[in-house]
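Values quoted throughout were computed directly from the atomic coordinates according to the rules given, and no laboratory measurement underlies them. What you are looking at is a predicted structure, and each value in this text was computed from that prediction instead of being measured. As a convention, Cβ positions derive from the backbone with ideal geometry for all residues, glycine included, and neighbour counts pool all protein chains shown.
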Amino acid sequence: MTVGRRTGSPVPPDAEDMTLLGGGRLPAGNTRPLLELLTMYAGSGFDPAEWSAAESALQQTDDATGSWYTHPILGGVARLVVVMARASEDEVLMRVWGDERAGLNERIDTLFDVGSMFRMSPA
């Protein structure tokens, strides 16, 4: 898997064949659990090295300046692209793009609803 790149836009560079599946503002502490669940939904395993790269890149983003981080997730079920930026020290903005035919829209919407209201942590 190729892990991320920084972009100046919350739209992935190759989004012409993708649909916005969901997104929102999350507490920064929910970023990793949400990425782990998205990876599972896509049909892939989550690699801790992947999180290290994403966490490092996310620190260099800022929604106010338009600096976003693009994180592809390639799985057996779906290809997702997560675009993230820090909104503040405590919050992250995240959008998830992918093929709507994979049937993940409702799951991703629910994930963002839960992630914005409750503190998430791995079991």
Gain on full stretching of the segment that runs from residue 17 to residue 90 - 0.36 nm per residue minus C-alpha separation: 23.0 nm
5 angstrom amide H check on residue 79, placed H, neighbours 5+ away: 99
³J(HN,Hα), Karplus 6.51/-1.76/1.60, whole Hz, each residue of region 99-110, x for Gly, Pro: 8, 5, 5, 6, x, 9, 3, 5, 5, 5, 4, 5
Residue 119/residue 49 FRET efficiency (R0 30 Å; Cβ-Cβ; nearest 0.05): 0.75
Separation between Cα centres of region 109-123 and region 40-80, rounded to whole Å: 17
Table column - 3J(HN,Hα) (Hz), region 49-65, Karplus curve with 6.51, -1.76, 1.60, x for Gly and Pro: 5, 4, 5, 4, 5, 5, 4, 5, 5, 4, 5, 9, 9, 7, 4, 4, 9
Rounded to whole Hz, the Karplus (6.51, -1.76, 1.60) HN-Hα couplings of region 16-33, x for glycine and proline: 4, 9, 10, 10, 5, 8, x, x, x, 9, 10, x, 4, x, 8, 4, 5, x
Cα Rg, Dmax (largest Cα-Cα span) when computed across the chain, Å: 13.0, 36
Cβ-placed point charges (K, R +1; D, E -1), dipole of the chain about Cα centre in debye, nearest 20: 100
Spacing of the two label points (7 Å from each Cα toward its C-beta) at residue 74 and residue 59, in nm: 2.7
